[in-house]
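Below is one structure, written out as structure tokens; the observations come after it.
The values are calculated or read from the model by the stated rules, or taken from the named source; none is laboratory data. Computed from a predicted model, the values in this text were never measured in an experiment. Quick reminder, even Gly has a Cβ in these numbers, built from the backbone with ideal geometry, and neighbours come from all protein chains shown.
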Amino acid sequence: MKILLIKPPLNPRLIAPSRGEPLELEYLAAAVPEHQVEIFDMRFDSRLAKKLGEFRPDFVGITGYTCDANTAKAVLKEVKKHNSRIVTGVGGHHATFLPPDFAAPFVDVIFLGMADISFKEFVRVMEAGEDIRSVNNLALRSGAGLFFTEPAPFAVDLNQLPFPARHLTDRYRNRYRDQWRNKTSMILASRGCPFRCHFCACWKLLQGKY
């Protein structure tokens, strides 16, 4: 199966001096090594129609923060306009906490929380033609609302995760910079947070686990 994972374009109304690699997409790609996966970083390349025409994906997924929500929806809308048969999905912080914001005709599936396990299972079920509602931690469009599948713990043993598929972002590697414009790569050494700050959603994403 062909899978295209997208990092949305930068929000033009925000000042964002850093351009970190899409580590979350590299982890998702690594979870399905038996499939043909590409990562398309629209912060550096806006030619979505060209990419869709060349790669011809079966599934397109996008991620983003709250500041990217409207942009992510616009991208998925363009994907469906290009080919309505492409299955579209969205995940990340905003999708987890406010899934109704993505209850739109051009969004087929919403991934809730950390999708290391659910994404891999979703791809397996989709390819096999089985019932997607059997996959945990999803929100699926149902009429004018959403249908939520069975919840499951997000916590996983980080030592069991595959290394991120960094080779899929090689063409962007020299453009990943920190706020001081230094070239950078990222690692993930922990997930969640032991604290409960009211201004931060990090700990809520993993349901208070660290």
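Tabulated data for the structure shown
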{"quantity": "Selected residue (criterion: modelled with the lowest pLDDT) from residues of region 84-111 that are part of a helix (DSSP H, G or I), more than 14 Å from L28 (Cβ to Cβ) and touching a helix residue (DSSP H, G or I) at 6+ places or on another chain (Cβ under 9 Å)", "calculated": "H93"}
{"quantity": "First in region 114-131 and of a type outside the set (D, E, K, R), second anywhere and in a helix (DSSP H, G or I) and exposed (fewer than 15 other Cβ atoms within 10 Å of the Cβ), Cβ under 7 Å, 6 or more apart", "calculated": "V125/S134"}
{"quantity": "Qualifying residue in region 3-15 (condition: in a loop (DSSP other than H, G, I, E, B), over 19 Å from N70 (Cβ atoms) and not aromatic (F, W, Y))", "calculated": "no"}
{"quantity": "Failed item in (1) surrounded by 14 or more Cβ atoms within 10 Å (Cβ to Cβ); (2) closer than 19 Å to L140 by Cβ, with K7 passing the rest", "calculated": "(2)"}
{"quantity": "Among (1) under 19 Å from L10 (Cβ atoms); (2) among the aromatic types (F, W, Y); (3) exposed (fewer than 13 other Cβ atoms within 10 Å of the Cβ) - the single one F199 does not satisfy", "calculated": "(1)"}
{"quantity": "Inter-residue pairs, beta-carbon under 8 Å, first in contact (Cβ under 8 Å) with a residue 12 or more places away in the chain and assigned to a loop (DSSP other than H, G, I, E, B) and in region 142-163, second surrounded by 13 or more Cβ atoms within 10 Å (Cβ to Cβ) and among the hydroxyl-bearing types (S, T, Y), 6+ apart", "calculated": "A152/S118; L161/Y27; P162/Y27"}
{"quantity": "Residues located in region 31-58, provided they are part of a helix (DSSP H, G or I) and more than 13 Å from the chain's Cα centre (by Cα)", "calculated": "L48, A49, K50, K51, L52, G53, E54, F55"}
{"quantity": "The one condition in (1) modelled with pLDDT under 95; (2) surrounded by 15 or more Cβ atoms within 10 Å (Cβ to Cβ); (3) under 16 Å from L23 (Cα atoms); (4) not hydroxyl-bearing (S, T, Y) that L206 fails to fulfil", "calculated": "(3)"}
{"quantity": "Residue count for region 173-204, restricted to those that are closer than 19 Å to I39 by Cα, polar (S, T, N, Q) and out of contact with any Asp or Glu (no Cβ under 9 Å at 6 or more places or on another chain)", "calculated": "1"}
{"quantity": "Count of residues meeting criterion [surrounded by 12 or more Cβ atoms within 10 Å (Cβ to Cβ) and outside any loop (DSSP other than H, G, I, E, B)] in region 172-191", "calculated": "4"}
{"quantity": "Selected residue [closer than 19 Å to V37 by Cα and in contact with a Gly (Cβ under 9 Å, 6 or more places away or on another chain)] from F122, F154", "calculated": "F122"}
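So that you can scan it fast, the table gives a plain yes or no per residue for (1) of a type in the set (A, V, I, L, M); (2) touching a helix residue (DSSP H, G or I) at 6+ places or on another chain (Cβ under 8 Å):
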site	(1), (2)
T149	no, yes
P153	no, no
D157	no, no
P162	no, yes
R166	no, yes
M186	yes, yes
F195	no, yes
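One line per residue, one yes/no per condition, for (1) in contact with a strand residue (DSSP E or B) (Cβ under 7 Å, 6 or more places away or on another chain); (2) more than 22 Å from N136 (Cβ to Cβ); (3) touching a residue at least 12 places away in the same chain (Cβ under 8 Å):
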| residue | (1), (2), (3) |
| --- | --- |
| P33 | no, no, yes |
| V37 | yes, no, yes |
| S46 | no, yes, yes |
| R56 | yes, yes, yes |
| F59 | yes, no, yes |
| C67 | no, yes, yes |
| V79 | yes, yes, yes |
| F102 | yes, no, yes |
| D108 | yes, no, yes |
